[in-house]
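Below: the structure, in structure tokens.
Read-outs throughout are calculated quantities, based only on the coordinates presented, and are distinct from any laboratory measurement. Remember, it's a predicted structure, so these values are computed and weren't measured experimentally. No Cβ is skipped: glycine too gets one built from the backbone with ideal geometry, and neighbour counts run over all protein chains shown.
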There are 2 protein chains.
Amino acid sequence: MATEKRTELSQIGEFGLINRLKEGFSHQNSNLLVKGIGDDAAVWDLGNGKYQLQSTDLLVEGVHFDLTYTPLKHLGYKAIAVNVSDIVAMNGKALFVVVGIAVSNRFSVEAIEEIYSGIQLACEKYNVLLVGGDTTTSRSGLILSVTVTGEVSSEKVTYRNTANVNDLICISGDVGAAYMGLQVLEREKQVYLAHPDMQPELDMKEYIIKRQLRPEARIDMVQTLEQLGVQPTAMIDVSDGLASELFHICSQSSVGAYLYEERIPIHPQTVESINEFQLSPLTAMLNGGEDYEIVFTVPPSAHERIRNHPDISIIGYITPSSDGLKVETRGGSVASMQSQGWNHFKP
Amino acid sequence: MATEKRTELSQIGEFGLINRLKEGFSHQNSNLLVKGIGDDAAVWDLGNGKYQLQSTDLLVEGVHFDLTYTPLKHLGYKAIAVNVSDIVAMNGKALFVVVGIAVSNRFSVEAIEEIYSGIQLACEKYNVLLVGGDTTTSRSGLILSVTVTGEVSSEKVTYRNTANVNDLICISGDVGAAYMGLQVLEREKQVYLAHPDMQPELDMKEYIIKRQLRPEARIDMVQTLEQLGVQPTAMIDVSDGLASELFHICSQSSVGAYLYEERIPIHPQTVESINEFQLSPLTAMLNGGEDYEIVFTVPPSAHERIRNHPDISIIGYITPSSDGLKVETRGGSVASMQSQGWNHFKP
């Protein structure tokens, strides 16, 4: 093996790896498969007028969560929520989940039941059924794998690669909160490790901490868009960060984007924490991930139906590909957006 | 947390854990769900006359495989095969898989591509499509999660809990081979660690080693049974060992079983290795797992159609529950079967 080519994962990153692996399967032939690797969920047609959707996620201790400050019940809840969010991002409805769990002997049966109580709570909240799973041991940390299956009508399914020039870019809720919640939790962890007798300072941080530890999937947005009579042209959920998600939509749709910083929705607690940590608000909003809000584009004609919705913000518009991805700052200058979505493989 | 009850996983084992977790979800209401936790795969009805099947598996380095002697390509192949086998065990056809992979930086991009080349090979062999996945980093070992989705007509679906007294117990292929392959590989690993210059002694072990490293899912058995016009009454695949699988069928069907040792199919290489290792043949056949053969029961009326098939053995029959699980040894004595299916949580 010593003489063989060795490419480090950190050289190509997660998206680079996915692209390389995808090639091996590009020749797969099927009249069932509508969409394979490359969107929030796979899409296939079982011929009953509806499309099925499927997405899978691995959550690894020390990579995706830190049990120092993550309650096990919240972890179980989040594992389901982030997967349901992938189905939401296809404009679909989640129906079933299967959960694999690998644990070392340091976890008691009661601890695992605590994780499952969170899973159960999320299943009830999102009206999905836990239909199966796998339990096994691990030599070190805790690992959760979740696969969710859902459905959507073929007219409503929404991909990443179908945004059009002049479409409005919209987002639900607010962004940057989960990222700032993580900063607070990490800081308090360091304080705790240095001074175990000190109480954590979490006053006025409830919202951002909850956004990090127990995010919600925006299943309500699928219903909202239907009620508003709006069919989005493209859609994705915010897992790696707004900039990264827009890069996916823009590169797959061969378009550009123009955002207004002042229109990007942000919670007062997020602003306060950004100031406290002396971070750049734009960085937190564009590159902070894990908010699990929905980013979507709509035709300009939908403007009237969208503009007054209290939980949807129009943050910019789609431009020709040659214009690239730009953001107009509060100060009035125009900057190029950098996609700094989480590269899991960077040391 | 110190004063709370702590039950060790090793006290209740994997099946005990599954039973405890199942309770939390037993009240789930759905007219779609036909079968939840507790069979080889979940079963739901999407209303198009067919049932959908889904199963998930986690494969953890150091628990399910040892990279000292497991080629990465075989590992990828096996990950798919064992999941497809769960669909076979429902008498169904696998259609789609999603694969999650967590790797540490010690793996190169080329190593991961090697795993995927095995996944691809298995997908082609079993005619399933890889439709999605997740890639992430892990802090230590390699973890693979596979979820397979398939289908079966509602008349053909076969569960574990529907065996009847007097049914014949049948098995495809032979058993004990994968277990003996593992013994050989573990022995050669120890020899190699002690004397790195010695060549491994794998002559006349090809069959049992392949059964361990690159098992096949018996998708052909689903077709065979259809061609023979045989609808099995119960079915399961051999992952934890023949005795453990029969315990599942018997406890869920509220029946007993009577086996004949001399009828349990075993390969000459398996016999030879059993002798070499001075093991009990019955233990290897009953408690050796990972053969991924199919154990099924058929009504006595199917005897004529089954008996002459070269790859199916009739190894016993179903008895009333009160008779328990018995095996008649070659010597003519009758022993109670012990389920020693792999308890992943035993230290």
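Treating r as the C-beta distance of residue B:32 and residue B:197 and R0 as 45 Å, the FRET efficiency rounds to 0.15. The length gained on full extension between residue A:329 and residue A:231, counted as 0.36 nm times the residue separation minus their Cα-Cα distance, comes to 32.3 nm. Considering only A:317, A:178, A:233, and ranking their Cα positions along the charge dipole of region A:171-324 that arises from unit charges at the beta-carbon of Lys, Arg, Asp and Glu, the one farthest toward the positive end is A:233.
Multiplying each eigenvalue of the alpha-carbon gyration tensor of region B:31-153 by 5 and taking the square root yields semi-axes of 28, 14, 12 Å, largest first, rounded to whole angstroms. Taking a point 7 Å from the Cα of residue B:322 along the Cα-to-Cβ direction, the residues of region B:226-261 with backbone N closer than 13 Å to it are B:256. Its Cα centre serving as origin, the protein assembly as shown has a Cβ charge dipole (Lys and Arg +1, Asp and Glu -1) of approximately 300 debye.
Please work out, to two decimal places, the log10 of the ratio I(q)/I(0) at q = 0.21, 0.22 Å⁻¹ from a Debye calculation in which every Cα of region A:15-96 carries one identical scatterer. With one equal scatterer per Cα and no solvent, log10 I(q)/I(0) is -1.05, -1.09. Kirkwood analysis of the protein assembly as shown, using all unique Cα-Cα pairs, places the hydrodynamic radius at 26.8 Å.
Coupling constants for region B:287-296 follow from the phi torsions by the Karplus curve (6.51 cos²θ - 1.76 cosθ + 1.60, θ = phi - 60°), and in residue order they are 10, x, x, 6, 7, 6, 7, 10, 9, 8 Hz; glycine and proline get x. Rounded to the nearest 0.05, the FRET efficiency derived from the C-beta distance between residue B:18 and residue B:48 at R0 = 30 Å is 0.50.
Each 10 Å bin from 0 upward holds the following percent of the Cα-Cα pairs of region B:283-329: 18, 47, 34, 1. A straight Cα-to-Cα reach below 28 Å connects residue B:326 with the lysines B:346, residues fewer than 8 places away in its own chain not being considered.
Each copy carries a label point for residue B:6 at 7 Å from Cα toward Cβ; from one copy, the others' points are 4.0 nm away, ordered from shortest. Restricting the trypsin sites (Lys or Arg not before Pro) of region B:248-347 to loop positions (DSSP other than H, G, I, E, B) with no more than 11 neighbouring Cβ atoms within 10 Å leaves B:330. Taking max minus min of the alpha-carbon positions on each principal axis, chain B gives extents of 56, 54, 51 Å, largest first. Candidate cross-link partners of residue B:189 among the aspartates and glutamates, defined by an alpha-carbon separation under 14 Å and a same-chain spacing of 8 or more, comprise B:66, B:197, B:201. A Gaussian network model of chain A, with springs between Cα atoms under 10 Å, assigns the largest mean-square fluctuation among A:46, A:286, A:142 to A:46. Per-residue Karplus couplings for region A:182-197, computed as 6.51 cos²θ - 1.76 cosθ + 1.60 with θ equal to phi - 60°, are listed in order as 5, 4, 5, 4, 5, 5, 5, 5, 5, 4, 4, 5, 7, 9, x, 8 Hz, Gly and Pro entered as x.
If you count the DSSP beta bridges with both ends in region A:6-113, what percent of them are antiparallel, to the nearest 5?
Working: 6 of 8 bridges.
Counting DSSP beta bridges with both partners in region A:6-113, the antiparallel share is about 75 percent.
Distant-in-sequence amide contacts of residue A:134, defined by a placed amide H-H separation under 5 Å and a gap of 5 or more residues or a different chain, comprise A:99, A:100, A:101.
Exposure proxy for A:65, B:25: other Cβ atoms within 10 Å of each Cβ, ordered fewest to most, give B:25, A:65. For region B:57-144, applying the loop criterion from DSSP together with a ceiling of 16 other beta carbons within 10 Å to the trypsin sites (Lys or Arg not before Pro) yields B:106, B:139. Each copy carries a label point for residue B:68 at 7 Å from Cα along the beta-carbon vector; from one copy to the others these points are 3.4 nm apart, nearest first. Rank B:130, B:242, B:228 by mean-square fluctuation in a GNM of chain B with C-alpha springs under 10 angstrom and give only the top-ranked residue. Most flexible of the set in this elastic network: B:228. Translational diffusion coefficient of region A:209-323 (Stokes-Einstein, Kirkwood radius from Cα pairs, 20 °C, 1.002 mPa s): 141 µm²/s. Filter the cross-link list A:73/B:78; A:78/B:73; B:73/B:125; A:5/B:78 down to pairs whose alpha-carbon distance in this structure exceeds 21 Å. Violating the 21 Å Cα-Cα cut-off are A:73/B:78; A:78/B:73; A:5/B:78.
Mean-square fluctuations from a GNM of chain B, with a 10 angstrom spring cutoff on Cα atoms, peak among B:172, B:254, B:138 at B:138. Label points for residue B:330 are taken 7 Å from Cα along Cα→Cβ. From this copy to the others they lie 8.3 nm apart, shortest first.
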